[in-house]
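J.: Quick one: the structure is below, questions incoming.
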Amino acid sequence: MKALKYLLVAIGGVAVLIGAVIAYVAATFDPNAYKPEIIKLVKESKQRTLKLDGDITLSFWPNIGAALGKVSLSEARSEKEFAAIESARVSIKLMPLFSRQVVVDEVRVRGAKAAIVRYKDGRMNIDDLLAKDEKQWKEDVAFDVAEVLIENSALTVRDEQKGARYSVSKLDLRTGRIASNVPTNVALSVTVQTNQPKLNLATSLKSRLTFDLDRQVYVLDGMSLDAKGDALDIRGLALKAAGSVTAKLAASEFTADRLSVAMTGEIGTDSLDVKLDAPKLLLTKEKASGDKVTLVAKVTGAQGAINANVGLPGIEGTGKAFKSSAMTLDLDMKRGELALRAKLSSPLAGNIEARQVTLPNLAANLTVSGPDIPGKSLAGELRGSASLDGGKENASASLAGKVGDSNIKARLGLASFKSAAVSFDVDIDQLDLDRYFPPAPAAQKEKGPEKPFDLTGLRNLNAGGTIRIGALKANNIRAQNVRVSVKAAGGRVDLNPVNAGFYQGTLASAVSINAAPATPTFAVKHHMSGISIAPLLKDLANNDTLEGRGNVSLDVTSQGSTASALKKALNGSAAVKLTDGAVKGIDVAGSIRGAKARLGSLRGEQTQKADKTQKTDFSELTATFRITNGVARNNDLSLKSPLLRVGGEGDINIGEDSLNYLVKASIVGTSKGQGGRELADLQGITVPVRVTGPMAAPSYQLDFGSMATDLAKQKVEERLTSEIGRRLGGGAAAGGAAASGKDAGKGTTPASSGRPQDMLKGLFGR
């Protein structure tokens with residue numbers, strides 16, 4: 001007992017001695033006197049500039065602590081500020097130090113800010129500050145903090161490798177005791193801003209936190225989360241989440257209890273409302289179970305609404321192989337007078353460890369209804385399968401079925417969740433787009449200003465693939481065996497190449513749409529080989545003015561948000577080469593023949609409307625066009641036939657749908673066709689024909705006055721040639737001798753012997 005007494009007295013004496021030493025050091029030691037030495041040490045060891053503008057206060061009992069005033073630290077080998085604090089206090093428990101452990105008792109920080117950078121080569125601007133021996137750090141520090149208080153602090157992280165920037169500001173954190181497996185109350189508020197993904201959220205979290213760093217276990221009990229701001233394409237986001245969540249990362253286990261999430265916001269001009277309820281969910285390697293999970297999403301706007309309900313009944317199995325009897329999705333969409341209802345269902349299977357989910361027997365039934373839908377309603381049914389791989393960040397689906405009159409087979413894929421790159425391969429036996437999106441009637445097109453088409457949906461589209469269609473009809477144009485390669489990225493969509501059977505010939509095209517600028521731009525290249533032009537024009541523009549077969553090429557660009565703007569901004573070139581055809585609406589040869597009998601009475605020009613019962617046949621027609629601001633200019637029209645040669649030049653105003661064109665027709669041969677009258681006496685005559693007016697119903701203006709002048713000149717030339725030939729030939733000599741004898745008796749000179757005007761009078765009997 002005496003030994004124990006002496007031992008206690010000795011320990012007490014040592015404690016008093018230690019206390020006296022600490023008290024003396026605290027009373028006599030001034031750390032501020034060592035500021036220059038501290039600054040110098042940091043400069044020499046880290047090549048950073050440390051500024052200690054505030055006072056340093058030390059405490060030694062009952063804990064060792066330090067309080068700092070305003071402090072800043074520069075970047076390495078630079079005077080640029082890396083981090084700073086307005087004030088801070090950290091204390092460490094004294095007694096654990098004797099057991100070679102550092103136990104943090106208190107952390108208080110106010111006005112802290114720092115900027116962390118990862119450079120393109122992978123280096124970071126904090127590499128020189130990180131602990132060299134992480135294992136030693138973990139062994140020497142026991143994570144046990146009585147209280148953490150952080151106020152008005154900020155942190156930015158810039159990743160130059162990824163081009164990403166993350167910012168945390170207005171950070172306020174208050175906790176109770178933080179130690180492994182010790183529940184503590186946490187209150188956090190912070191503003192988070194990132195550019196990948198795009199976020200700007202003011203967030204607050206209250207919960208009871210329990211964690212175990214060694215076992216990687218984290219528990220949020222009684223969680224209440226609020227977030228407001230912008231996220232991705234959602235503006236005015238308001239998110240609330242409540243419940244309890246447990247994550248055991250090392251064991252790949254996840255538990256949710258009474259978890260509910262509610263979110264509202266705006267996407268474009270539409271309002272978004274989403275609710276998720278998961279009463280009980282347990283996912284582990286050995287077991288997977290849970291009550292019914294429901295998700296309800298609504299999108300409403302001036303143009304319509306979308307309602308989606310997802311139901312997942314209770315799941316069972318293990319983490320490596322869980323399943324659910326039937327997942328269901330009910331979708332109800334309405335846009336204007338068009339409505340879509342769809343129901344999807346499939347058993348569900350998955351692997352939590354591999355983060356995989358499959359829908360092995362997917363069935364989709366859909367119905368589209370509206371006043372413009374044939375029969376007011378259209379139904380379809382698709383079946384197939386789908387899968388999602390979270391580890392590889394991809395998804396795929398394979399579907400087949402019938403929608404309306406179209407049999408469809410499709411393979412779809414999502415190569416990357418981050419890039420949202422969609423791939424597809426689609427086969428359709430026949431597709432009549434006009435059945436689902438009929439062209440507006442002409443009377444409707446004339447009412448009011450045009451409504452701009454909206455291509456903003458293409459700006460974020462990232463997709464590529466192939467579409468094959470056996471028979472296609474779009475805007476009343478028909479094609480067969482269509483094959484289209486599609487690539488969309490960065491707001492640009494390229495359809496290249498496009499190949500199809502086209503009006504008894506072939507079509508090869510390349511189409512490009514750039515929706516990135518405020519005013520969309522378009523580029524189109526078409527080459528049609530061996531096509532029949534008459535049915536194409538009839539289907540395209542209800543125009544029946546040209547027949548023939550041959551090649552048509554088009555290479556144009558344009559920009560605009562309406563069809564009219566595109567037509568007026570059209571620039572490029574076009575070419576036509578047709579054989580064995582006809583121009584309908586006028587019989588040029590017949591008009592010239594019909595004019596012959598009336599040449600004595602007709603003077604000037606005569607205008608006649610197009611008459612589709614008349615036509616001008618040709619063996620070959622060629623023309624090239626230069627298109628500028630919606631006006632196609634041509635000056636090399638060439639139409640050939642055994643009877644006619646036709647040339648021309650003029651303008652086709654595509655923007656105004658009008659013509660102003662001059663055709664010059666010449667008779668070069670004789671024929672009994674096209675009216676059955678001989679044209680030998682009109683050979684060589686050229687008649688100008690002015691074609692003007694709307695392209696759907698042009699007027700033809702024949703210049704008969706010019707024709708009469710040409711015919712008169714021809715007659716003069718013929719009579720003059722004949723008379724000169726007669727007088728210079730045998731008949732002329734005999735006549736001259738007789739006249740000479742007669743005139744000699746009178747002693748006069750013949751009137752026609754010397755003056756040209758007298759000779760011309762003789763030709764016409766005057």
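The values are calculated or read from the model by the stated rules, or taken from the named source; none is laboratory data. Keep in mind the model is a prediction, meaning the values are calculated, not measured. Every residue, glycine among them, receives a Cβ derived from its backbone with ideal geometry; neighbour counts consider all protein chains shown. When the accessible area is computed, the model is the full protein with side chains, heavy atoms only, and any ligands, DNA or RNA have been set aside. Shrake-Rupley method; radii C 1.70, N 1.55, O 1.52, S 1.80 Å.
J.: Somewhere in the stretch 490-497, is a residue under 30 Å from Ala697 (Cβ atoms), of a type outside the set (Gly, Ala, Ser), assigned to a strand (DSSP E or B) and open to solvent by less than 50 Å² (accessible area, probe 1.4 Å)?
T.: No, that holds for no residue.
J.: Can you tell me which residue among Ile685, Ile652 is over 20 Å from Leu621 (Cβ atoms), at pLDDT 60 or above and surrounded by 15 or more Cβ atoms within 10 Å (Cβ to Cβ)?
T.: Ile685
J.: Out of Thr269, Thr255, Thr210, report the one residue that is surrounded by fewer than 15 Cβ atoms within 10 Å (Cβ to Cβ) and not charged (D, E, K, R).
T.: Thr269
J.: Is it true that some residue in the stretch 398-418 is under 18 Å from Pro347 (Cβ atoms), assigned to a strand (DSSP E or B) and touching a residue at least 24 places away in the same chain (Cβ under 8 Å)?
T.: Within the stretch 398-418, one or more residues are under 18 Å from Pro347 (Cβ atoms), assigned to a strand (DSSP E or B) and touching a residue at least 24 places away in the same chain (Cβ under 8 Å).
J.: Next question, about the same structure. Checking Ala305 against (1) open to solvent by 40 Å² or more (accessible area, probe 1.4 Å); (2) closer than 27 Å to Ile267 by Cβ, which test does it fail?
T.: (1)
J.: Looking at Ala354, Ala364, Ala349, which is the one that is of a type in the set (A, V, I, L, M, F, W, C), within 29 Å of Ala251 (Cβ to Cβ), in contact (Cβ under 8 Å) with a residue 24 or more places away in the chain and assigned to a strand (DSSP E or B)?
T.: Ala349
J.: I'd like to check something: does the stretch 241-252 contain any residue that is open to solvent by less than 60 Å² (accessible area, probe 1.4 Å) and more than 27 Å from Asp389 (Cα to Cα)?
T.: yes
J.: Please give the number of the condition Arg177 fails out of (1) modelled with pLDDT of 90 or more; (2) closer than 25 Å to Ile64 by Cα.
T.: Only one criterion is unmet by Arg177, namely (1).
J.: Against the conditions (1) more than 28 Å from Asn475 (Cα to Cα); (2) of a type outside the set (D, E, K, R); (3) in contact with a Pro (Cβ under 9 Å, 6 or more places away or on another chain), where does Asn394 fall short? Just the number, please.
T.: Among (1) more than 28 Å from Asn475 (Cα to Cα); (2) of a type outside the set (D, E, K, R); (3) in contact with a Pro (Cβ under 9 Å, 6 or more places away or on another chain), Asn394 violates only (3).
J.: For the stretch 375-427, which positions are among the polar types (S, T, N, Q), open to solvent by less than 40 Å² (accessible area, probe 1.4 Å) and within 21 Å of the chain's Cα centre (by Cα)?
T.: Passing the criteria: only Ser416.
J.: Taking Leu362 and the conditions (1) in contact with a Gly (Cβ under 7 Å, 6 or more places away or on another chain); (2) open to solvent by 40 Å² or more (accessible area, probe 1.4 Å), which numbered condition does it fall short on, given that it satisfies the others?
T.: Evaluating Leu362 over (1) in contact with a Gly (Cβ under 7 Å, 6 or more places away or on another chain); (2) open to solvent by 40 Å² or more (accessible area, probe 1.4 Å) leaves (2) as the failure.
J.: For the stretch 512-616, which fully contained strands (runs of 3 or more DSSP E) count at least 3 residues that are within 33 Å of the chain's Cα centre (by Cα) and either farther than 30 Å from Arg459 by Cβ or modelled with pLDDT of 90 or more (or both)?
T.: 521-532, 546-559, 571-585
J.: Output the residues belonging to the stretch 237-282 that are touching a Leu at 6+ places or on another chain (Cβ under 6 Å) and among the hydroxyl-bearing types (Ser, Thr, Tyr).
T.: Thr255 - this is the single residue of the stretch 237-282 that is touching a Leu at 6+ places or on another chain (Cβ under 6 Å) and among the hydroxyl-bearing types (Ser, Thr, Tyr).
J.: While we're looking at this one, here's another question. Of all residues in the stretch 457-481 being within 26 Å of Ala541 (Cα to Cα) and open to solvent by 70 Å² or more (accessible area, probe 1.4 Å), which is nearest to the chain's Cα centre (by Cα)?
T.: It comes out as Asn475.
J.: Scanning the stretch 280-300 for residues that are within 20 Å of Lys240 (Cα to Cα) and modelled with pLDDT under 90, which turns out nearest to the chain's Cα centre (by Cα)?
T.: Here the residue is Val293.
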